[in-house]
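For reference, the structure is listed below as structure tokens.
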Amino acid sequence: DEELSVMAQFIQKLYELADKAGGEAPKPERPATSFIDDIKLSSGNEQLLAVYNMKDELIKAIESWSVLSEKINNRWPEWLILKRLVGHLNGIEDADVLRTQAEQIEKHRLLIEDPDAITPLIKNTEQKLRDEINRLNGEYQKKYRNGMEYLLSDENWKKLEPDQREALLQKYYLNDSAKPKVNVEDTRRILETLDSTPIVMFSDRVAAMPGRFEKIAAEAAELIEPAAQIIKVPPRTLKTSKDIDSWLKEVEGKLKSALEKGPVVIQ
């Protein structure tokens, strides 16, 4: 005798189950619930009769939607991981294939389709990111070593106090604590690495490193010799001995002219 009192709750549960059985891509389309709307519009014994008359359809819907809901729950976390991984592909060459595959899963609502297309795509995307992170980290370490060797051979750098050196390295994000934290052991750590230092940012830092070390050397010279002039050697493509002689003469003239005004630091 409590059927009428729980009917509203029963109908609400049906709607909630339908919501869980589909929705935003790449989930399947949300199941149609127009037949539930018809039940909701009735009341009293008429509503009970409507439920009774549609009991087979309701049972089938509940069973079907429950299965869909479970499949969605199982695959959805993997999809969110894939979306995060794909979002970090910016700046990587030859990554369009992986990005397109993820777009197809979403466009065609393939979340719960078999065979599972998401798990293998996660592995492929993860490996692509791992390879690029390792490549950039290798370039970073190489350029960092070259930059520190450059500074250690610089006479002005040698004369700086330890705290002055650390301050300059910190200013240009070349101190130890500013180095990108790289760990590609598993998916979680790859995402943590990229959330902290995205590929484009990592690539920019690697490309900017030689120039930053040059700026540090220039500032070191200014600290040791405040009146020193920073003279940049003009770039040139040299193909013959005559080209070399001409370039040396140009540099010599530029340096001698500058020396008349004070000390010179070549960059």
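For this structure, a couple of remarks:
- Dividing the summed -39500 (n - 2.57) terms of all DSSP H runs of n ≥ 4 by the residue count of the chain sets its mean residue ellipticity at 222 nm at -23500 deg cm²/dmol.
- Gaussian network model of the chain, springs between alpha carbon atoms under 10 Å - residue of I133, I199, I224 with greatest fluctuation: I224
- Table column - 3J(HN,Hα) (Hz), the range 10-19, Karplus curve with 6.51, -1.76, 1.60, x for Gly and Pro: 4, 5, 4, 5, 5, 4, 5, 5, 5, 4
- Put a plus charge on the Cβ of each Lys and Arg, a minus charge on the Cβ of each Asp and Glu, and nothing anywhere else: the dipole of the chain about its Cα centre is then about 1600 debye.
- All Cα-Cα distances of the chain, cut into 5 Å bins from zero to the largest, leave 1, 5, 9, 9, 8, 8, 8, 7, 7, 6, 6, 5, 4, 4, 3, 3, 3, 2, 2, 1, 1, 0 percent in each bin in turn.
- Folded to 0 to 90 degrees: helix 241-259 orientation relative to the chain principal axis, Cα: 80
- If R0 equals 22 Å, the separation of the Cβ atoms of W76 and D131 corresponds to a calculated FRET efficiency of about 0.20.
- In the chain, the portion of solvent-accessible area held by carbon and sulfur atoms comes to 51 percent [1.4 Å probe, whole percent, DNA, RNA and ligands not counted].
- Under 30 Å from the Cα of K55 - lysines, other chains or at least 8 residues apart: K13, K20, K27, K40, K71
- Only Lys, Arg (+1) and Asp, Glu (-1) charged, at Cβ; the range 89-144 dipole about Cα centre in debye: 300
- Calculated accessible area for the chain comes out at 62 Å² per residue, all protein chains present (probe 1.4 Å; ligands, DNA, RNA ignored).
- Segment K232-S246, length gained on full extension (0.36 nm per residue, minus Cα span): 3.4 nm
- Residue by residue, the range 49-65 carries 3J(HN,Hα) couplings of 5, 5, 5, 4, 5, 9, 4, 5, 5, 5, 4, 4, 5, 4, 5, 5, 5 Hz when phi is fed to the Karplus relation 6.51 cos²θ - 1.76 cosθ + 1.60 (θ = phi - 60°); x denotes Gly or Pro.
- Lysine pair count for the range 163-267 with Cα-Cα distance under 29 Å and sequence separation of 8 or more or different chains is 23.
- Measuring between their Cα centroids, the range 1-29 and the range 156-202 lie 52 Å from each other.
- For the range 79-204, the relative contact order works out to 30 percent when only alpha carbon pairs closer than 8 Å and six or more residues apart are counted.
The values are calculated or read from the model by the stated rules, or taken from the named source; none is laboratory data. Bear in mind the structure is a predicted one, so any value in this text is a computation, not a measurement. Cβ atoms come from the backbone with ideal geometry, glycine included; neighbour counts cover every protein chain shown. The protein model used for the area step is the full one, side chains on, heavy atoms only, and it has no ligands, DNA or RNA in it. Shrake-Rupley method; radii C 1.70, N 1.55, O 1.52, S 1.80 Å.
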